[in-house]
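Sharing a structure, written as structure tokens. Questions coming.
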There are 2 protein chains.
Amino acid sequence: MKAEILAVGTEILLGDIVNTNAQFLSKELASIGISVYRQEVIGDNEDRLLEAFEEAFKRSDVIITTGGLGPTGDDLTKETACKYFGMEMVLHEESYEALKGFFSKIKKEISQSNMKQVYFPKEGIVLSNPNGTAPGAILKKDNKTIIILPGPPKEMKPMYLNHVKNYLMPEGFGVIKSEVVRILGLGESTAAEKLKDIIDAGVNPTIAPYAKQEDVIFRITASGKTEEEALEIIKPIKEKVKARLGIDCYGEGEDNTIEQVVGTLLIERDLSISTAESCTGGMIASRLVAYPGISQVFLEGAVTYSNESKTRTLGVSCETLEKYGAVSEQIAKEMALGIANRTDSDVSVVTTGIAGPGGGTKEKPVGLVYIGLYYKGAVKAYRYEFNGDRDKIRTSASIKALDKVRRVILEGKLL
Amino acid sequence: MKAEILAVGTEILLGDIVNTNAQFLSKELASIGISVYRQEVIGDNEDRLLEAFEEAFKRSDVIITTGGLGPTGDDLTKETACKYFGMEMVLHEESYEALKGFFSKIKKEISQSNMKQVYFPKEGIVLSNPNGTAPGAILKKDNKTIIILPGPPKEMKPMYLNHVKNYLMPEGFGVIKSEVVRILGLGESTAAEKLKDIIDAGVNPTIAPYAKQEDVIFRITASGKTEEEALEIIKPIKEKVKARLGIDCYGEGEDNTIEQVVGTLLIERDLSISTAESCTGGMIASRLVAYPGISQVFLEGAVTYSNESKTRTLGVSCETLEKYGAVSEQIAKEMALGIANRTDSDVSVVTTGIAGPGGGTKEKPVGLVYIGLYYKGAVKAYRYEFNGDRDKIRTSASIKALDKVRRVILEGKLL
């Protein structure tokens, strides 16, 4: 089976947005053995869209479109696909009910323009969209299939994964599976060097490192006759990789995050935590709260960006502030002790630093962050210099802080 | 002039990388008035590439390719373009010298495979590449132009900006400029309906709505003989749009955010703020801290996810907690008063809600969030139901909370 991915949207042709949908779908299709012959982007225009369908079906069996399902007049992907197949659209009751539910939830009247989103041809399979107002559809005629998906990735991805993937999965398909091992504390090249012999020996499974925004991953990919077989091939190599990387391997899986790992560890070991943040300003707390269930162990967070709040809420001494400055090892330690005492938590983690763009000096440059840790009566602070802009520095500091919490729990003491 | 952007690379079709080059080039071309008719991605394959050239020249005058200029056998963009035009390649001395220089700099012998990168047709313009080993080229025959650029963005972008942009710039070129107006509190379709007559009347400038991840924007685009002229054409329409949308228009510009707007307003009006967050768990504080300079006005944030912390730090009463539950109008008001009193701030904003996935009931479903606002002695709470997963609910609640702060400052009182 050959597929093409057709993004519809003038905003992509104007360069307003990057077509990340094409990457997601390409990767997904490759994983079930469907080769993508082309990716294309065209404007919101009926003639061009008809032309694109015409051309693509000369080469491929399936066209997956993204975008152009919105409520406005220039959204015409579905209408054009129906025109191409000569299919008539009628009101789709189920989608209409869902739309009514959506609007009643936001306590608004259904806007007239949204009504076009619930019309579909009888011949099609309608794909529900719990994350938006535009359902998708699978339209098939003769040997041609057009699969219509919404443009916003948050709507498109679950729709693909929940409905389309199974529909497209070839029968008796030789399965490709991959698993991911996640690393913090090592760069991509250092990590890859540690695993060089395992990587070089890899045919099935293969092992490849990727530097991600927030961490480094190794993707281990195997093919087998069945899913189980592919996973069995991955298993021993994954264990070998994890053993080799030791504590620098913090997690596994596509969507695993450091906050999930820390949250799980805290709950498993029945350890309570509190946070106090200056430069990260709530980012660490916000990440912890992203983990459902954290309420069991997360006692309180303080965002003490100002000096007054550091003394008021954390009991940091004015003398220490004056003598060493707010961004110092001493203050980081007092902050960690302060929030731990205030909340009586087992662990606390704090940050104080200079996120920039202003405020840096020669001794205390932009990017300097002290991370303070309290663990069962002991307290310590660690000095880091992070690169990048304000956002990158704050993000790096938050991740490092969470990773420090993970390590102190696993090691059982402050190192 | 019509252009198409043709990325060549099997790795893009496999979903290994996102085609950010297409966005860069689209934006650049739009800025000099060249409309991009299509973006395409095809594999490293001579036949498919020839087919793509054939098709694209039926529609467009210029094809810009990215990728497929590497030293290996499957890199064949340049070779195929020459074949398409019937041009013969010869050693390009200048490029050969540059290649020798490149390898002597990294203290290596020229690899034989790199030699193919310095062959070009005599008819072409060779584009030097100071950032890599593959020069680009402009090939022209009759009215057809193929512009060949390398794939790595670090090589492609400077080559485009230094060589190609001027080459393509139309004589006496009319400049296209666009400006963005940002909306919160109205959906895309409602906002578009409000502006229907202005949108419908728009030829130069045109006005188009886009639903973004966090807000809705209207892009107003005009062409003029000069940049100033284009901006002059935009100006009155932009003012009209802003006047029509009133307080729902919170900002302007590509990268403007609600936290920037709120931060600026607070500083301008010398109003101090404090936050207390339950379900958003530090997200509001973290957004405020993303705005440099916020330390002047941001007194303190509390992440009071647990009931104990709500009483300890915000002075919320246990009776109210017991009677109404943590997610209630009453608690939101007590939280807002509590943090304002604690910090003596002019404004405070707080959240308490159910972010899910668990914890919802019929009366208090997942997505229910109360936002509490304190403004100069008065306090009020607002009830919302947000859609989506935990992350989406928390993000929506944070944005709504910041927007409530903006509105109360502009309106001068709690409405």
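Just so you know, all these numbers are worked out from the coordinates, no wet-lab data involved. Everything numeric here is computed off the predicted structure, so don't read it as measured data. Glycine also receives a Cβ, built like all others from the backbone with ideal geometry; neighbour counts cover every protein chain displayed.
Could you give each residue of the range A:358-375 its phi-based ³J(HN,Hα) in whole Hz, using Karplus coefficients 6.51, -1.76, 1.60 with θ = phi - 60°, and x for Gly or Pro?
Working through the residues one at a time gives x, x, x, 10, 5, 6, 10, x, 4, x, 6, 9, 9, 10, x, 10, 10, 9 Hz.
Could you pull out the chymotrypsin sites (Phe, Trp or Tyr not before Pro) across the range A:364-415 that fall in loop regions by DSSP (anything but H, G, I, E, B) with no more than 16 other Cβ atoms inside 10 Å?
Nothing satisfies the criteria.
Under 5 Å between amide hydrogens, which residues at least 5 positions from B:F298 or on another chain qualify, with H placed 1.01 Å from N in the peptide plane?
B:I273
Using a label point 7 angstrom from Cα along Cα-to-C-beta, what distances in nm, from shortest up, separate B:K165 from the other copies?
4.2
Where the label is 7 Å out from Cα toward Cβ, how close does B:C318 come to the same position in every other copy, in nm, shortest first?
Listed shortest first, these distances are 3.4 nm.
Taking H as built 1.01 Å from N, whose amide H comes closer than 5 Å to the amide H of A:L127, not counting residues under 5 places away?
A:G136, A:A137, A:I138
Work out the mean other chain Cβ neighbour count within 10 Å for the residues of B:191-197 and drop it here as an integer.
Per-residue shielding by partner chains comes out at 2.
Need one value for B:34-44: mean number of C-beta atoms belonging to other chains within 10 Å of its residues' C-beta atoms.
Rounded to a whole number, the mean comes out at 6.
For the range B:1-36 and the range A:344-402, compute the distance between their C-alpha centroids and round to whole Å.
A separation of 39 Å, based on Cα centres.
Please work out the Cα center distance from the range B:102-123 to the range A:274-291, rounded to the nearest Å.
That distance is 51 Å.
Please determine, in degrees from 0 to 90 and to the nearest 10, the orientation of helix B:227-245 with respect to the longest principal axis defined by the Cα atoms of chain B, where the helix direction is its Cα long axis.
The angle comes out near 30 degrees.
Apply the Karplus curve 6.51 cos²θ - 1.76 cosθ + 1.60, θ = phi - 60°, to the phi angles in the range B:388-403 and return the couplings in whole Hz, x for Gly and Pro.
These are the phi-based 3J(HN,Hα) values: x, 7, 3, 5, 5, 4, 5, 5, 4, 5, 5, 5, 4, 4, 5, 5 Hz.
Taking A:T226 in one copy and the same position in all the others, each labelled 7 Å out along Cα→Cβ, what are the pairwise distances from the first, in nm, shortest first?
7.5
Using only helices, what value at 222 nm comes out for chain A when you add -39,500 (n - 2.57) per DSSP H run of length 4 or more and divide by the total residues, to the nearest 500 deg cm²/dmol?
After summing the helix terms and dividing by residue count, I get -12000 deg cm²/dmol.
Quick one: which of B:179-191, A:395-407, B:328-340 comes out on top by average Cβ neighbours within 10 Å, and what's the full order, highest first?
B:328-340, A:395-407, B:179-191
Could you check the spin-label model distance between A:K392 and A:T206? Points 7 Å from the Cα along Cα→Cβ, value in nm.
Those two pseudo-labels are separated by 2.9 nm.
Inside 10 Å of the C-beta atoms of B:86-93, what's the mean count of C-beta atoms belonging to other chains?
0
Among all the lysines, which ones have a C-alpha under 18 Å from A:K238's C-alpha, if same-chain residues fewer than 8 places away are not counted?
A:K177, A:K194, A:K196
Could you work out how far helix A:93-105 tilts from the main Cα principal axis of chain A, as a 0 to 90 degree angle to the nearest 10?
30 degrees
Moving to a separate point now. Step through the table entries B:K212/B:K235; B:K116/B:K154; A:K27/A:K392; A:K165/B:K157; A:K107/A:K154, compare each Cα-Cα distance with 29 Å, and write down the pairs that go over it.
Check vs 29 Å cut-off fails for A:K165/B:K157.
Which whole-Hz ³J(HN,Hα) couplings does the range B:119-136 yield from phi under the Karplus relation 6.51 cos²θ - 1.76 cosθ + 1.60, θ = phi - 60°, glycine and proline marked x?
Here the 3J(HN,Hα) series is 9, 8, x, 4, 6, x, 9, 8, 10, 5, 10, x, 9, x, 9, 9, x, x Hz.
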